[in-house]
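Structure first, then comments.
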Amino acid sequence: MVSDKQAMKFRISPYAAILAIFILTEAAIYLSFNIIMATEGRDPIYLKYSGILICLAFSALSCIFFRRDGVVLTAAMVFTAISDFFIFVLNGFYELGVSTFIITQFVYLYRLYADRLSKVYITLAVRVLIAAALMIILNMLGVLDFLTAVVAIYIVMLIFNLAEAAYLSRCGLKNALFAVGLALFLCCDVCVGLNNFGSVLGIALPQGVLTFVSYAMWAFYLPSQVCIVCSAQRGGIFLRRNDDAK
């Protein structure tokens, strides 16, 4: 016979149950759209987008368990879902879509510095300077417009967020999970950049490269969002107080 204490020991928490359902659902979506693309040669964009909406729903549920960090992640996922709706679902309004992705990265910046906001101005100053330098280079190349300007701001924000998240990943597993999510996010954006390389700079890439990046974009992207929303934790991801480490 199993005692009451043993039964309690093996009881699954509500969050663990929701997390398991979420991961299994996302895995099913991920396998499904990759199989469809490989076998039927079509792009199941609504199936892909459903994976993002489920990430948004899961992050909203995480507010019950993690409060502030769940709210921060939900805010980021709201702007991510808006961006994906314009860029991937409507396949237009790219300036607006990238602009809302910038807001997402600012939310992640807040997440990185939530426990040390007095230091955020240093990284912001460096980011502004580098983004300005990129815009000068783009202008010299004759390709500076509103879209390339917001892309420059966005990519600087993402790379810095990734670098700082990677540095802080030593503090715990969920910190590392956040860094992995941002790394996959960057891999996706590199593929998007390569896919649009010819239209921006007028240089044609080999068809094999274009075919690969068209598959790789979402192969990186959905796992990136899953990793990010699964990184929620009590007290804020980089707070390291004794009660949060228990």
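The values are calculated or read from the model by the stated rules, or taken from the named source; none is laboratory data. If you're wondering where the values come from, they're calculated on a predicted model, not measured in any experiment. Positions of Cβ are generated from backbone atoms using ideal geometry, with glycine treated the same way; all protein chains shown enter the neighbour counts.
Tell me yes or no: at least one residue of the range 230-244 is at pLDDT 85 or above and assigned to a helix (DSSP H, G or I).
Within the range 230-244, none of the residues are at pLDDT 85 or above and assigned to a helix (DSSP H, G or I).
Can you list residue pairs whose Cβ atoms sit under 7 Å apart, with the first residue in the range 113-137 being at negative phi and the second being β-branched (Val, Ile, Thr) and surrounded by 14 or more Cβ atoms within 10 Å (Cβ to Cβ)? Count only pairs 6 or more apart in sequence or on different chains.
Every condition considered, the pairs that remain are Tyr113/Val120; Arg127/Val156; Ile130/Val156; Ala131/Ile153; Ala131/Val156; Leu134/Val156.
Counting just the residues of the range 62-92 that are modelled with pLDDT of 95 or more and polar (S, T, N, Q), which one comes out surrounded by the most Cβ atoms within 10 Å (Cβ to Cβ)?
Only one residue fits best here, namely Thr80.
For the subset of the range 147-171 comprising residues that are among the small types (Gly, Ala, Ser) and in contact with a Phe, Trp or Tyr (Cβ under 9 Å, 6 or more places away or on another chain), which member is modelled with the lowest pLDDT?
Among them, the one singled out is Ser169.
Pick out the one residue from Val126, Val71, Val78, Val120 that is closer than 23 Å to Lys48 by Cα and assigned to a helix (DSSP H, G or I).
That would be Val78, the only listed residue that is closer than 23 Å to Lys48 by Cα and assigned to a helix (DSSP H, G or I).
So in the range 15-29, with the set limited to residues that are free of Cβ contacts under 8 Å to residues at least 12 places away in the same chain and closer than 19 Å to Ala219 by Cβ, which one is surrounded by the most Cβ atoms within 10 Å (Cβ to Cβ)?
Ala27
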